[in-house]
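Q: Dumping the structure here so I can ask a few things about it.
Here, each number is a calculation from the coordinates, and none is a lab measurement. As the structure is a computational prediction, the values presented were derived from the model and not from experiment. A quick note on method: Cβ atoms are made from the backbone with ideal geometry, for glycine too, and the neighbour counts reach across all protein chains shown.
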Amino acid sequence: MNPAPKRRRSRDWFDTPELYGWLRVAALRSQGLMPEGFQDRPIIGICNTWSELTHCNAHLRQLAEAVRRGVWQAGGLPLEFPVLSTGEFNMRPTSMLFRNLASMDVEEAIRANPLDGVVLLSGCDKTTPALLMGAASADVPAVLVTGGPQLNGNWRGEEVGSCTDCRRYQTELRAERITEADWNELQGCIIRSAGHCMTMGTASTMACLAEALGIAPPGNGSTPAPDSRRLQLAESTGRYAVELAQRDVRPSQILTQVAFDNAIRVLHAIGGSTNAVIHLIAVAGRLGIELRLDRFDELSRSTPFLLDLKPSGRFLMEDFHYAGGVPALIAELTPLLDLSAPTVTGRTLGENNLGAKVWNRDVIRPLSAPIHTEGGLAVLRGSLAPGGAIIKPTAATPALLTHRGRAVVFNDHDELNQRIDDPNLDVRPDDVLVLRSSGPVGVPGMPEWGYLPIPKKLLAAGVRDMVRISDARMSGTAFGTVVVHVSPESAVGGPLAAVGDGDLIELDVPNRRLNLLVEPQEIARRLAEAPKHPPRAERGYRWLYAQHVMQAEAGCDFDFLRARRS
Ligand code: FES
């Protein structure tokens with residue numbers, strides 16, 4: 001690839017007659033390092049989202065040690081630094097509110113410091129996109145390694161996945177088919193080890209897509225967190241980072257349009273998270289690449305769904321790993337991918353995965369006999385979503401993918417919680433549940449409220465799925481006939497704000513339609529009369545967020561963070 005750079009970036013910090021050049025060496029010596037031991041080495045930052053508030057990333061200090069070994073082995077100087085860690089369970093109202101903040105932290109930490117390269121350590125849902133966005137903007141040589149998925153959960157002999165089965169059993173608890181004691185016992189089994197959720201949720205999806213993008217090494221997507229091969233992988237990223245720094249290979253040379261197309265194909269083949277659409281668009285936007293929703297749909301039409309993992313299927317990430325992981329899947333997708341794409345290993349995507357085999361055909365289906373002939377995600381448009389909306393047909397009820405029903409509208413999440421289990425709620429199994437005021441500006445932050453609960457009285461009647469529509473997101477681990485990311489969101493005047501109880505809604509996934517069956521003039525009249533959304537924050541980061549966040553089809557990034565086209 002690139003010849004070695006004439007001069008390392010980090011030398012600008014040290015080769016200066018100013019006092020601070022001398023002080024920077026003194027600062028390294030204060031940490032026990034001798035100048036003769038580090039002077040000629042490229043400096044490799046280990047950008048760590050470790051936090052005990054992010055349980056999925058709580059083991060990343062151990063991984064950082066392995067990275068450190070790899071950096072020293074290859075002749076670099078490793079220096080670890082922390083960045084904001086966005087824990088999925090703890091952060092309120094949603095970790096998504098802080099993804100952009102974390103990305104700014106990453107970008108500026110890399111840019112401000114004497115780093116020749118960086119290893120990005122992530123795991124939980126938003127940490128991987130935040131690191132990729134920040135590293136893409138900084139454009140200093142970078143390689144990503146994630147913490148890996150948890151081992152399969154097991155409850156009473158049944159393999160259970162976080163958090164697909166948490167959601168399924170919570171529904172059974174509400175339907176009074178399991179007891180509080182059962183529910184409490186499950187709590188102790190569902191997260192069995194270190195690592196991130198081991199279904200094909202957002203964390204697993206982004207870890208697999210990073211591998212397909214070429215910014216993470218082969219094996220990154222599926223190697224379990226406690227597996228010794230995860231540490232070996234981390235050690236190798238330390239070596240790769242030094243090599244990338246020596247050759248000055250930057251993220252912008254890896255994360256190209258071709259790489260994004262490869263990642264979108266893999267996203268469809270694995271039945272990945274709806275959130276990945278937002279995150280890929282955001283990462284691409286940092287590099288001046290415009291990923292349109294229509295591109296996702298175009299590639300969905302021609303990419304078969306191959307991977308039988310929860311929430312769309314039966315298995316878990318550990319099974320995927322034993323079946324061959326992303327390398328085997330990439331080998332299976334060979335005719336659909338551009339295998340000449342460069343990667344952080346110095347080899348092409350094809351060279352990385354040469355000879356990879358599928359070891360379990362129940363988990364990874366052959367291209368010739370897929371689970372579905374089309375991909376895991378579909379883009380919908382229509383009078384209810386002129387800017388687009390997303391559904392995961394592989395995790396939906398097939399009979400509901402073409403459906404017309406009466407709208408039952410909830411104005412916001414609080415109202416949903418108050419009314420959903422009201423015995424007097426006028427709701428039937430073939431109705432369409434609608435939630436608004438839950439988009440990027442509306443909350444703010446676009447929480448994962450799109451998986452609306454089924455009303456208790458319908459649960460008692462045996463109903464387990466309904467069409468649900470919102471401007472919110474949905475957890476990658478969730479399932480059902482759930483339409484999310486409706487754009488424009490209701491808080492900025494999208495048609496979702498015009499839906500009234502009893503209006504007819506048409507969902508037609510095969511034809512990619514989502515329509516509010518109300519006359520356009522009436523929709524316009526209702527929107528003109530709809531109450532304006534008051535700003536929720538008057539100062540600080542939340543104010544900045546509400547002022548500058550873009551809609552879902554633009555990746556929910558801040559307008560001022562996208563790359564300038566020039
Ligand atoms: Fe971190 Fe699921 S809570 S990936």
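Q: How big, in percent, is the set of alpha carbon pairs in the stretch 350-477 lying more than 26 Å apart?
A: The answer is 36 percent, as a whole percent.
Q: Distance from a point 7 Å along Cα→Cβ of Arg428 to each backbone N in the stretch 393-422: keep the residues under 13 Å and list them by number.
A: Only 404-408 pass the distance filter.
Q: How high is the FRET efficiency from Thr397 to Leu53, r the C-beta distance, R0 41 Å, rounded to 0.05?
A: About 0.70, to the nearest 0.05.
Q: Right, here's the next one. Take the alpha carbon gyration tensor of the stretch 330-376, find the square roots of its eigenvalues, order them as a ≥ b ≥ c, and report rounded if a/c is under 1.5; if not, report prolate when a/b exceeds b/c, else oblate.
A: It is prolate, given that a/c is not under 1.5 and a/b is the larger ratio.
Q: If you don't mind, another one. Going 7 Å from the Cα of Asp501 in the Cα-to-Cβ direction, what parts of the stretch 377-410 have a backbone nitrogen less than 15 Å from that spot?
A: Those under the cut-off are 406-410.
Q: What is the sum of charges, Lys and Arg at +1 and Asp and Glu at -1, for the other residues whose Cβ falls under 15 Å from the Cβ of Leu377?
A: That works out to +2.
Q: For the stretch 126-199, just run the numbers: alpha carbon Rg, then divide by 2.2 N^0.38 Å, N being how many residues it has.
A: Here the Cα radius of gyration is 1.53 times the empirical estimate.
Q: What is the Cα coordinate range of the stretch 457-538 on the first, second and third principal axes, sorted by size from largest, in whole angstrom?
A: Here the Cα extents, ordered largest to smallest, are 39, 36, 29 Å.
Q: Cross-link list Lys457/Lys532; Lys310/Lys456; Lys126/Lys310: which exceed 27 angstrom alpha carbon to alpha carbon?
A: Lys457/Lys532
Q: Please compute the net charge surrounding Thr179, taking Lys and Arg as +1 and Asp and Glu as -1 over other residues with Cβ under 11 Å from its Cβ.
A: Neighbour charge sum, excluding Thr179 itself: -4.
Q: Report relative contact order for the stretch 345-479 in percent, whole number only (criteria: Cα-Cα under 8 Å, sequence separation at least 6).
A: The normalised contact order for the stretch 345-479 reaches 18 percent.
Q: For Tyr541 and Ala112, what does the FRET efficiency come to when R0 = 22 Å and r is the distance between their Cβ atoms, rounded to the nearest 0.05?
A: Computed FRET efficiency for Tyr541 and Ala112: 0.70.
Q: Here is a follow-up. Please report, to two decimal places, log10 I(q)/I(0) for the stretch 85-181 at q = 0.17, 0.20, 0.22 Å⁻¹ as given by the Debye formula with identical point scatterers on the Cα atoms and no solvent.
A: -0.82, -0.97, -1.08
Q: Here is a further query. Which distance in nm do the two modelled labels at Arg361 and Thr334 give, with both placed 7 Å along the Cα-to-Cβ direction?
A: 1.7 nm
Q: Helix-only estimate, please: 222 nm mean residue ellipticity of the chain, summing -39500 (n - 2.57) across DSSP H runs of length 4 or more and dividing by its residues, to the nearest 500.
A: Computed mean residue ellipticity for the chain: -10000 deg cm²/dmol.
Q: Grab the Cα-Cα distance for Asp414 and Phe81, subtract it from 0.36 nm times how many residues apart they are, and report the gain in nm with one decimal.
A: Gain on extension, Asp414 to Phe81, equals 116.0 nm.
Q: For labels at Glu529 and Glu290 in the simple 7 Å Cα→Cβ model, what's the distance in nm?
A: Output for this residue pair reads 3.8 nm.
Q: Give, as a single signed number, the net charge of other residues whose beta carbon lies under 13 Å from the beta carbon of Arg230, with Lys and Arg counted +1 and Asp and Glu -1.
A: -3
Q: Here's a follow-up. At q = 0.08 Å⁻¹, work out log10 I(q)/I(0) for the chain with the Debye formula, treating every Cα as an identical point scatterer and leaving solvent out; two decimals please.
A: -0.52
Q: Note the full-extension length gain between Gln170 and Arg464 as 0.36 nm times their separation in residues minus their Cα-Cα distance, in nm to one decimal.
A: Result for the pair: 104.7 nm of gain on full extension.
Q: Within the chain, which cysteines find no other Cys whose Cβ is under 4.7 angstrom from their own?
A: So, Cys47, Cys189, Cys197, Cys208, Cys556.
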